[in-house]
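Enquirer: Following this message is one structure expressed as structure tokens.
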Amino acid sequence: MWVFLNDRFVRKEEALVSVFDHGFLYGDGVYETLRSYGTRIFMRDQHLARLRRSAEAIGLDIPIPESHWPELLHEAMRRNGVGNEQTDAYLRITVSRGAGEIGLDPGLCPRATVVIMAKPLHPSPPVLSRDGVSLTVANTRRNLPEALSPQIKSTNFLNNILAKRESIAAGTFDSLFLNWKDELTECTVSNLFFISGKTLHTPALDCGILDGITRTIVMTLAQEEGVPVREGHYHLADLQQAEECFLTNTSMEIMPVNRVDSFTIGDGRPGSLTRRLQTRFADSRTRFLEPPS
């Protein structure tokens, strides 16, 4: 495996980061995960724009010019034999504050650490997409937006890890966060949607969620299908009455949900609108891929 580290590609064994890196010491950094369909990266420019926004929000300078990113991402895919006709690629960009003296002052770190990793994308087993997954309502609450903006895609993932431990203990696919007002928000790595009364509902951004890129696409596709879309403030009682439910993120696309804690969603099977949106998403992918090289 080849990893891009700061200014060059190195073997995995040589991809070492200092123990004084503030990403390691304090979780001071940002990241993005991307995927390819074959050789073309999905929503590349939107992911890179969000990386820049996250970095700007914490005052972190990314030492790589914007124009260099496409070639670096494709070189990472080429060196690792992914992002081709046989294998889609999973890509992760991490930018940390960099190495410096111990202390919280960002000025202690003269230069950010930049890492790009590329590996084969292993999609979820087809049975999950066919039959749906179960969720646990986490006891861990979503971070208060005023404390840590959910629009910063931070490397500090402890909130999500605590909730993920709950789903692992419960034997479910993932955990669903509630916020400080007992409102629905999102899961540990995905956005939440549900269908009720022929309307597609999703928690509003001010509930404390990340503005997911696939979330935006699904809302657009639903509107193109003539399905009303509403962003709002919802509670578990709203989800209990829903006919359908699904999750979205870049790697798993649209994942149906059949159960949340002790209650079944609809009749326990992925519903017709979920299936319709899955098909529409698959048919529309090329609209959202980077231009052919």
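The values are calculated or read from the model by the stated rules, or taken from the named source; none is laboratory data. This one's a predicted model, so the numbers in the text were calculated from it and none came from an experiment. FYI the Cβ positions are ideal-geometry reconstructions off the backbone, even for glycines, and counts take in every protein chain you see. These accessible areas exclude ligands, DNA and RNA; they are computed on the full protein's heavy atoms, side chains included. Shrake-Rupley method; radii C 1.70, N 1.55, O 1.52, S 1.80 Å.
Enquirer: Under 6 Å between Cβ atoms, at least 6 apart or on separate chains: pull out the pairs that start in the stretch 251-280 with a residue that is touching a residue at least 24 places away in the same chain (Cβ under 8 Å) and more than 16 Å from Thr220 (Cα to Cα) and end on any residue that is among the charged types (D, E, K, R) and open to solvent by 30 Å² or more (accessible area, probe 1.4 Å).
Expert: Gly266/Glu243; Gly271/Glu243
Enquirer: Another question about this same structure. Is it true that Leu128 is open to solvent by less than 40 Å² (accessible area, probe 1.4 Å) and under 27 Å from Gly38 (Cβ atoms)?
Expert: no
Enquirer: Quick one: which strands (runs of 3 or more DSSP E) sit completely within the stretch 228-267 and have at least 2 residues that are open to solvent by 30 Å² or more (accessible area, probe 1.4 Å)?
Expert: Strands (runs of 3 or more DSSP E) meeting the threshold: 229-232, 253-260.
Enquirer: Just wondering, is there one or more residues in the stretch 42-55 that are crowded, with 20+ Cβ neighbours inside 10 Å, of a type in the set (D, E, K, R) and touching a Phe, Trp or Tyr at 6+ places or on another chain (Cβ under 7 Å)?
Expert: no
Enquirer: Hey, among Ser154, Ser67, Ser134, which residue is out of contact with any Asp or Glu (no Cβ under 7 Å at 6 or more places or on another chain), among the small types (Gly, Ala, Ser) and open to solvent by 40 Å² or more (accessible area, probe 1.4 Å)?
Expert: The unique qualifying residue is Ser67.
Enquirer: Further question on the same structure: Exactly one condition in (1) over 25 Å from Thr220 (Cβ atoms); (2) open to solvent by 60 Å² or more (accessible area, probe 1.4 Å); (3) outside any helix (DSSP H, G or I) is false for Val115; which is it?
Expert: (2)
Enquirer: Further, regarding this structure: Given the conditions (1) more than 22 Å from Thr185 (Cβ to Cβ); (2) assigned to a loop (DSSP other than H, G, I, E, B), report the number of the one that Ala282 does not fulfil.
Expert: All conditions pass for Ala282, except number (2).
Enquirer: Among the residues of the stretch 90-99, is there at least one that is open to solvent by 60 Å² or more (accessible area, probe 1.4 Å), more than 20 Å from the chain's Cα centre (by Cα) and not small (Gly, Ala, Ser)?
Expert: No; the residues of the stretch 90-99 include none that is open to solvent by 60 Å² or more (accessible area, probe 1.4 Å), more than 20 Å from the chain's Cα centre (by Cα) and not small (Gly, Ala, Ser).
Enquirer: Could you grab me the full set of residues in the stretch 70-81 that are in a loop (DSSP other than H, G, I, E, B) and surrounded by 16 or more Cβ atoms within 10 Å (Cβ to Cβ)?
Expert: Passing the criteria: only Asn80.
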